[in-house]
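S.K.: I'd like to ask some things about the structure below.
The values are calculated or read from the model by the stated rules, or taken from the named source; none is laboratory data. Quick caveat: nothing in here was measured; it's all calculated off a predicted structure. FYI the Cβ positions are ideal-geometry reconstructions off the backbone, even for glycines, and counts take in every protein chain you see. Just the protein is used for accessible areas: all its heavy atoms, side chains included, with ligands, DNA and RNA removed. Shrake-Rupley method; radii C 1.70, N 1.55, O 1.52, S 1.80 Å.
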Amino acid sequence: MFYLWIIFLIFIDLFTKFIAKNDLQVQKNLVGDFLYLKYVENIWIAFSIPLTGIALKILTIVLIWVIFWYYYTEEKKKNSKLIDISFIFVLAGALGNGYERVFHSKVIDFIWLKYFSVFNFADIFISVWVSLYILSLILLNKKELWAKMITFSDQEK
């Protein structure tokens, strides 16, 4: 199921980018001029950091590989559904944007948030990963802390 969810989310990302490319040449306001949809091609990396060309393609591939490697060597063994779900989101986001970066040298963005940025579903997936992963770390540390406290109180008896 892990890989099927990743494929499904990549499909959502690439399908919405396809729709944006074909249907969002003109701005469509969703919430006044605060939140709107409009097609844009982003040739740079996150937050418009000016890195392009082969260096960006290599960096993209390396980062995706590192995420996979880290998940399988460090996080998978924790047997946490929350961690697994969080990595589904980051891998789907990284692979969705990575595909475009490597094969098209750009990423399609289309969701505009005034005073912030323009982004796509892959970016949303990566943001969801950050939130879920931080939550999972807090919950796992809380569980470990409780276990240590119980062990400590048992030793005092």
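S.K.: Mind checking which residues of region 37-48 are closer than 21 Å to Leu14 by Cβ, open to solvent by 70 Å² or more (accessible area, probe 1.4 Å) and outside any strand (DSSP E or B)?
M.R.: Once the filter is applied, which keeps residues that are closer than 21 Å to Leu14 by Cβ, open to solvent by 70 Å² or more (accessible area, probe 1.4 Å) and outside any strand (DSSP E or B), region 37-48 yields Ile43, Trp44.
S.K.: Checking the structure you have, find out if any residue of region 28-36 is open to solvent by less than 90 Å² (accessible area, probe 1.4 Å), among the small types (Gly, Ala, Ser), over 27 Å from Leu139 (Cβ atoms) and under 17 Å from the mean Cα position of the chain (by Cα).
M.R.: Within region 28-36, none of the residues are open to solvent by less than 90 Å² (accessible area, probe 1.4 Å), among the small types (Gly, Ala, Ser), over 27 Å from Leu139 (Cβ atoms) and under 17 Å from the mean Cα position of the chain (by Cα).
S.K.: Also, I was wondering about something else. Taking the condition within 20 Å of Val130 (Cβ to Cβ) and modelled with pLDDT under 95, does Phe47 pass?
M.R.: Here the answer is yes, as Phe47 does meet what is asked.
S.K.: Output the number of the condition that Leu59 fails; it satisfies all remaining conditions of (1) at pLDDT 95 or above; (2) more than 18 Å from Ser127 (Cα to Cα).
M.R.: With respect to (1) at pLDDT 95 or above; (2) more than 18 Å from Ser127 (Cα to Cα), Leu59 is out only on (1).
S.K.: Another question, then. Within region 87-129, which residues are without any contact (Cβ under 8 Å) to a residue 40 or more places away in the chain and outside any helix (DSSP H, G or I)?
M.R.: Matches in region 87-129: Tyr115, Phe116, Phe119.
S.K.: Return the total of residues in region 75-86 being open to solvent by less than 30 Å² (accessible area, probe 1.4 Å) and free of Cβ contacts under 8 Å to residues at least 60 places away in the same chain.
M.R.: 3
S.K.: Could you say whether any residue in region 21-41 is touching a residue at least 12 places away in the same chain (Cβ under 8 Å), under 30 Å from Asp84 (Cβ atoms) and not β-branched (Val, Ile, Thr)?
M.R.: No, region 21-41 contains no residue that is touching a residue at least 12 places away in the same chain (Cβ under 8 Å), under 30 Å from Asp84 (Cβ atoms) and not β-branched (Val, Ile, Thr).
S.K.: Could you tell me whether any residue of region 49-69 is within 16 Å of Phe2 (Cα to Cα), in contact with a helix residue (DSSP H, G or I) (Cβ under 8 Å, 6 or more places away or on another chain), free of Cβ contacts under 8 Å to residues at least 24 places away in the same chain and open to solvent by 70 Å² or more (accessible area, probe 1.4 Å)?
M.R.: no
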